[in-house]
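Since every read-out is calculated from the coordinates, none of them should be taken as a lab result. In this text, all values refer to a predicted model and were calculated from it rather than measured experimentally. FYI the Cβ positions are ideal-geometry reconstructions off the backbone, even for glycines, and counts take in every protein chain you see.
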Amino acid sequence: MRVVLTGATGFIGSRVLARLLAEPGVTGVTCLTRRPPPVRSDKLTVVTMGDFTHYEDALLDRLADHRACVWALGGKEQDAKDPVAYERLTHTFTLAFARALVPRLTGEFTFCYVSGAGATPAESARLPVRQATRLLKGRTERDLIDVAREHEGFVPYAFRPGGVLPERAGPAGRLLLAPFAVGVRQLATALVRVACGDVPPPPRVVRTADIRRLAR
Ligand SMILES: NC(=O)c1ccc[n+]([C@@H]2O[C@H](COP(=O)([O-])OP(=O)(O)OC[C@H]3O[C@@H](n4cnc5c(N)ncnc54)[C@H](OP(=O)(O)O)[C@@H]3O)[C@@H](O)[C@H]2O)c1
C-alpha cells in the first residue's frame, strides 16, 4: 500500500517516516513537505509544497491510489508568528488536504491525525493552559469527522498523546512525563500500525493508553 506523510522533517514525523519505510507492506511513501527529509529510499517520493492550502489536480490524481495518511505537520502555539498563523498551521492545512483529497478516493482511506491530549472543540474548555492548541486541535478533529460523514471511506483517527518523549529522554523527563507521555517510537509504531490496518481498528480518539497498547 501507499501512504501519504506530512511533517516528515519533524520530531514525530521523522520517526513515522523511518517506520513506514521499514514496513514490508508499504510499497510507497509520499511526503508532502516544504523541505526534503534527509532520507533516501526507492519507496520515497518527496513533493515540495509552497502552499499547504492548495492541491493541484495532478498531485491529487497521484494520491488517489494511496490508502492512508499520517498527518504529523504542526507546531507549538508559542512558536507561531501570531494566532492566525497558528490556526492556519493547525486547522486550515489539515482540512484543506482532507477536503481536496476525498472526492478522488475510490476505496477506504485511513487518516491518522496527530492531535494532542485535552483537544476539545468546546469553547468552554475548563483548563486555560494551551487553550488555543486544545481548541484548534479539537476543531480540527471535529471537522475531520464532518468530512467523514460526507465521504464514506474516509476514516479519521485523532491520536492524543499526553506528551511525546524522545528516544533518549533523561530521567527527569521520564519521571515528570511518564504517567501521561509515550515514547516517540511507540507513537510512530502505533500510527503506522493503524494507518496500515495491521491492528484491529482502535477507538477514533486514540489516547495515551491506546497508543501504548497498539505499540506493544
Ligand atoms: N512533540 C510533542 O510532545 C507533541 C505532543 C502532542 C502532540 N504533538 C503534535 O504533533 C505534531 C508534530 O509535532 P512535532 O513535535 O513532531 O513538531 P516538529 O518537530 O516541530 O515538526 C513539525 C513538522 O511540521 C512542519 N511544519 C511546521 N510548520 C509548517 C508550515 N508552516 N508549513 C509546512 N510545514 C510546517 C515542519 O516542517 P519544517 O521541518 O519544514 O519546519 C515539521 O515537519 C504537532 O501538531 C504537535 O502539536 C506533539
Find, among the trypsin sites (Lys or Arg not before Pro) in the range 154-214, those assigned to loop by DSSP (not H, G, I, E, B) with at most 14 other beta-carbon atoms within 10 angstrom.
-> Arg168, Arg204
Using θ = phi - 60° and the Karplus curve 6.51 cos²θ - 1.76 cosθ + 1.60, what whole-Hz ³J(HN,Hα) does each residue of the range 18-33 get, with Gly and Pro shown as x?
-> 4, 5, 5, 5, 7, 7, x, x, 8, 8, x, 10, 10, 8, 9, 8
Which FRET efficiency, nearest 0.05, do Ala64 and Arg149 yield, Cβ-Cβ r, R0 30 Å?
-> 0.90
From the backbone phi of the range 71-88, what are the Karplus-calculated ³J(HN,Hα) couplings (6.51 cos²θ - 1.76 cosθ + 1.60, θ = phi - 60°) in whole Hz, Gly and Pro given as x?
-> 9, 10, 7, x, x, 8, 3, 6, 8, 6, 4, 7, x, 5, 5, 5, 5, 4
Write out the trypsin sites (Lys or Arg not before Pro) in the range 1-52 meeting two conditions: DSSP loop, and at most 12 other Cβ atoms within 10 Å of their Cβ.
-> Arg34, Arg40
Where in the chain lies the longest segment free of GluC sites (Glu not before Pro) that are both loop residues by DSSP (not H, G, I, E, B) and have at most 16 other Cβ atoms within 10 Å?
-> 1-55
In nanometres, the difference between 0.36 nm per residue of separation and the alpha-carbon distance of Val84 and Val199 is 37.7 nm
Charge tally in the Cβ shell below 10 Å around Ala98, where Lys, Arg are +1 and Asp, Glu are -1, Ala98 excluded = -1
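Can you compute the FRET efficiency between His54 and Leu175 using 1/(1 + (r/R0)^6), with r the Cβ-Cβ distance and R0 = 41 Å? Round to the nearest 0.05. Mind showing how you got there, number by number?
Values: r = 45 Å, r/R0 = 1.10.
After rounding to 0.05, the efficiency reads 0.35.
Rounded to the nearest 500, what is the 222 nm mean residue ellipticity of the chain from helices alone, with -39500 (n - 2.57) per DSSP H run of 4+ residues and division by all residues?
Working: 8 runs with 81 residues, N = 216.
Per the formula, -11000 deg cm²/dmol.
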Taking the Cβ-Cβ separation of Arg213 and Arg168 as r and a Förster radius of 22 Å, what is the calculated FRET efficiency to the nearest 0.05?
-> 0.40
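Quick one: net charge around Gly107, please, counting Lys, Arg +1 and Asp, Glu -1 for every other residue with C-beta under 13 Å from its C-beta.
Numbers: positive: Arg2, Arg67, Arg104; negative: Asp65, Glu108, Glu152.
Summing Lys and Arg as +1 and Asp and Glu as -1 gives 0.
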Site Glu108, offset 7 angstrom along Cα→Cβ, radius 18 Å on amide nitrogen, limited to the range 141-155, gives 145, 148-155
Counting sequence-distant residues (5 or more places) and residues on other chains, those with an amide H built under 5 Å from that of Val205 are Ala158
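Within 12 Å, Cβ to Cβ, of Tyr157, how many net charges do the neighbouring residues add up to if Lys/Arg are +1 and Asp/Glu are -1? Display every interim value, and only then the final one.
Working: positive: Arg160, Arg193, Arg204, Arg207; negative: Glu141, Asp210.
Summing Lys/Arg as +1 and Asp/Glu as -1 gives +2.
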Cα-centred dipole magnitude for the range 2-215, charges only on beta-carbon of K, R (+1) and D, E (-1), debye, nearest 20 | 820 debye
Select from the range 48-109 those trypsin sites (Lys or Arg not before Pro) which occupy a DSSP coil region and have at most 11 other Cβ atoms within 10 Å, ordered by residue number.
-> Lys76, Lys81
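Given an 8 Å cut-off on Cα distances and at least 6 residues of separation, report the relative contact order of the range 158-216 as a percent.
Working: 70 pairs, mean separation 26.4, N = 59.
After rounding, I find 45 percent.
So what is the relative contact order of the chain, in percent, for Cα pairs below 8 Å that sit 6 or more residues apart? Can you show the working numbers first?
Values: 386 pairs, mean separation 42.5, N = 216.
Relative contact order, the chain: 20 percent.
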